[in-house]
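Heads up: the structure comes next, in structure tokens.
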Amino acid sequence: MPRLVMKFGGTSVADLDRIRNAARKVKREVEKGYEVAVVVSAMAGKTNELVGLVRKAAATEGEGESSFYDAREYDAVVASGEQVTAGLMSIVLQEMGVPARSWQGWQVPILTNASHGAARIEEIRTEALERKFAEGLHAVVAGFQGLGPDGRITTLGRGGSDTSAVALAAALGAERCDIYTDVDGVYTTDPRITKKARKLERIAYEEMLELASLGAKVLQTRSVELAMRYKVRLQVLSSFSDEPGTLVCDEEEIMESRAVSGIAYVRDEAKLTLISVADRPGVAAAIFGPLAEAGVNVDMIVQNISEEGRTDMTFSCSVDDVPKAMKALQEARAKGAINYRDLVADTEVSKVSVVGIGMRSHAGVAARMFKALADEGVNIKVITTSEIKVSVLVDRKYMELAVQALHDAFDLDKPADRLEG
Ligand code: ASP
Ligand code: MG
């Protein structure tokens, strides 16, 4: 029998009514003849509440919260949210006449490495689950959790149920992995920024990765990486409607011909420039080494042309990382490891990116992008490109305008032409 993984996020299982609504969707697929593995998140807000309790427990009485605690016990606590929804979903399914049982991560087992709080799945042994499928019993699996090498419960990091679902779909050879959430698909850009944003029928894994990591927070990035590696077809759809969602799939399955599929943005970026650093081997290493050690996540990097052996070095990072970055660079300078005349931070910038696998075959995407921004009088501060994306930094006050202008310039409000064949 064909298999299907159906994952329901926290808002889709927020209370019993919603669990029943989700269960009806499961029943429908069961009636179509699928063996279904349902993967559930904790009820909306539950994981935050549990994390809060852990932090309070770890603090000295009356002193608020502490982030120093035993990560194994953190996992024991936060994994409980999914345990509850798995049991409830199974009860509701049984009540609707769908034979089902719940599985905790350790019962499957979903084996992970030892990184408590941010564990990676290493192997899923599906034999027991498949034996139960053969007996007609559908599975409800607690997302987000697994079993570590020390025999203790692990969790996969926030948003990790998406990854549980994709990994399970790969292990079971499922036809598809449906991710039910509170949005009805992946859009050409954030609908809050332009009403013209359009739901995409299909999007390639690589595009989704760019959009996910660039700020379209629909799927945990790691789940998309995993789906791409194992070619798991992923569908993002709403549990509150019956509309089809967006299929995240291999580019071979995409029959549309367009250069750009979506516009992504990151609102709170910062641009830092080291003015007049020596232009000789080892200087970039001396700058970015201390930044990496300080845990600064550097994004774009631009080195200017040099004049008389000196150059300017510009990079971007998240606004939150600016204090760490400044400190690391000032200390490196004090130690004599680097030498710059001035360090300037601009914390009022945003990153806007156009993304599309079609860029590999369509010329002129960057030119069209720059022209559209110029027509709106938006100044570009930094540019970077990759094979399927062009990103620019602009003043934050123009971010929305830039997204809207680019959405228009690439005709993203209109359906794309179909490819022949
Ligand atoms: N409940 C976990 C979280 O809120 C995992 C998930 O829902 O994906 O992060
Ligand atoms: Mg989620």
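Descriptive notes on the structure:
- Shape of the stretch 269-370, Cα gyration tensor, a/c cut at 1.5: prolate
- Relative compactness, the stretch 246-300, computed as alpha-carbon Rg over 2.2 N^0.38 Å: 1.89
- Whether the stretch 101-211 is rounded, prolate or oblate, judged on the alpha carbon gyration tensor where a/c under 1.5 counts as rounded: prolate
- The share of Cα pairs per 10 Å bin across the stretch 337-385, counted from zero up to the longest distance, runs 17, 40, 24, 15, 3 percent.
- Proximal charge balance of E269 [Cβ under 14 Å; K/R count +1, D/E count -1]: -1
- Positive-end ranking of I179, S164, I193 along the dipole of the stretch 160-215, with charges on Cβ about the Cα centre, is headed by I193.
- Viscosity 1.567 mPa s, temperature 4 °C, Stokes-Einstein D of the chain from Kirkwood C-alpha radius, µm²/s: 55 µm²/s
- Atom-type composition of the exposed protein surface of the chain places 49 percent of the accessible area on carbon and sulfur (1.4 angstrom probe).
- For the stretch 215-341, the equivalent ellipsoid derived from the alpha-carbon gyration tensor has semi-axes of 42, 17, 14 Å in decreasing order.
- With N as its number of residues, the stretch 156-264 has a Cα radius of gyration that, divided by 2.2 N^0.38 Å, comes to 1.00.
- Taking every DSSP beta bridge that has both ends in the stretch 57-214, the antiparallel portion is near 60%.
- Separation of alpha-carbon centers, the stretch 116-143 and the stretch 25-46, rounded to whole Å: 14 Å
- Summing charges over neighbours of L88, with a neighbour being any other residue whose Cβ is under 14 Å away from its Cβ, gives 0 when K and R count +1 and D and E count -1.
- Working note: Debye formula, equal point scatterers on the alpha-carbon atoms of the stretch 154-202, no solvent; log10 I(q)/I(0) at q = 0.13, 0.15, 0.26, 0.27 Å⁻¹ is -0.46, -0.58, -0.98, -1.00.
- Whether the stretch 1-154 is rounded, prolate or oblate, judged on the alpha carbon gyration tensor where a/c under 1.5 counts as rounded: oblate
- Filtered GluC sites (Glu not before Pro), the stretch 325-421: DSSP coil and at most 10 other beta carbons within 10 Å: E387, E420
- Summed side-chain charge close to A286 - residues other than A286 whose Cβ falls under 14 Å, Lys, Arg +1, Asp, Glu -1: 0
- Listed by chain and number, the lysines whose C-alpha is less than 24 Å from the C-alpha of K46, apart from same-chain residues fewer than 8 away, are K7, K25, K56, K217.
- Per residue, the solvent-accessible area of the stretch 1-95 (1.4 Å probe, heavy atoms of protein chains only, all protein chains present) comes to 49 Å².
- Value of [θ]222 nm, deg cm²/dmol, for the chain, DSSP H segments ≥ 4, -39500 (n - 2.57) each, nearest 500: -10000 deg cm²/dmol
- The residues H362, H138, sorted by heavy-atom accessible surface at 1.4 Å with ligands and nucleic acids left out, run H362, H138 from largest to smallest.
- Once C-alpha pairs closer than 8 Å and six or more residues apart are averaged by separation and normalised to the residue number of the chain, the relative contact order reads 13 percent.
- DSSP-defined beta bridges in the chain - what % are antiparallel, rounded to 5: 65 percent
- Considering the stretch 342-421, its Cα convex hull presents a mean projected area of 6.4 nm².
- Fraction of antiparallel bridges per DSSP, the stretch 1-130 only, in percent to nearest 5: 35 percent
The values are calculated or read from the model by the stated rules, or taken from the named source; none is laboratory data. Note that the coordinates shown come from a computational prediction; the quantities given were computed from them, not determined experimentally. Cβ coordinates were reconstructed from backbone atoms using ideal geometry, including for glycine residues, and neighbour counts include every protein chain displayed. The accessibility values were calculated without ligands, DNA or RNA, using every heavy atom of the protein model including side chains. Shrake-Rupley method; radii C 1.70, N 1.55, O 1.52, S 1.80 Å.
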